[in-house]
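Asker: The structure that follows is given in the form of structure tokens.
The values are calculated or read from the model by the stated rules, or taken from the named source; none is laboratory data. All of these numbers come straight from a predicted model, not from anything done at the bench. We place every Cβ from the backbone using ideal geometry, glycine too, and count neighbours over all the protein chains shown.
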């Protein structure tokens, strides 16, 4: 009986250590290398939305994460300075002074930024990280769950959407 108890304890502790190890593997900050979509023939192609853009993802090792991806040229958009961009009266004045074409251009630019913050868990039996979104730049994603298969190639983590044909490659930032 004692042997069974000892073996059970070892297996339990080993499972806990594996979960922590997987979480520790993900811990860090990564820069987006490429986002790809798979076509019907199974060939990966660079996603045009992210081509030339930038992105970062952070896992804190404690169960919190954040991601931000922007399209090419996003950081160069001439909007408001950083102080005025946080003042509702300055924002409203800028919007009110814009033509319809300028407003359309602004909406297209701001749609070129994708971000969310989440709690995350790592599946015990698979290399899957589940993002439990707390907030997001896309309102429909608030409170949703985003499971991602993950694998490593050196300092690169590859996150693959489980219910789609998309993967993102991120290199660890040192």
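Asker: For region 98-115, name all the residues that are outside any helix (DSSP H, G or I) and either touching a residue at least 24 places away in the same chain (Cβ under 8 Å) or surrounded by 12 or more Cβ atoms within 10 Å (Cβ to Cβ) (or both).
Answerer: Step one: list which residues in region 98-115 are outside any helix (DSSP H, G or I), which gives 98-99, 111-115.
Residues satisfying the conditions are 98, 111, 112, 113, 114, 115.
Asker: Does region 157-168 contain at least one residue that is surrounded by 15 or more Cβ atoms within 10 Å (Cβ to Cβ), more than 16 Å from residue 32 (Cβ to Cβ) and at pLDDT 95 or above?
Answerer: Among the residues of region 157-168, not one is surrounded by 15 or more Cβ atoms within 10 Å (Cβ to Cβ), more than 16 Å from residue 32 (Cβ to Cβ) and at pLDDT 95 or above, which makes the answer no.
Asker: Turning to a different aspect of this structure: Out of (1) surrounded by 14 or more Cβ atoms within 10 Å (Cβ to Cβ); (2) part of a loop (DSSP other than H, G, I, E, B), the odd one out for residue 174 is which?
Answerer: (1)
Asker: Exactly one condition in (1) farther than 30 Å from residue 21 by Cβ; (2) in a loop (DSSP other than H, G, I, E, B); (3) assigned by TED's automatic domain parsing to the domain that holds residue 21 is false for residue 164; which is it?
Answerer: Tallying (1) farther than 30 Å from residue 21 by Cβ; (2) in a loop (DSSP other than H, G, I, E, B); (3) assigned by TED's automatic domain parsing to the domain that holds residue 21, residue 164 fails exactly one: (1).
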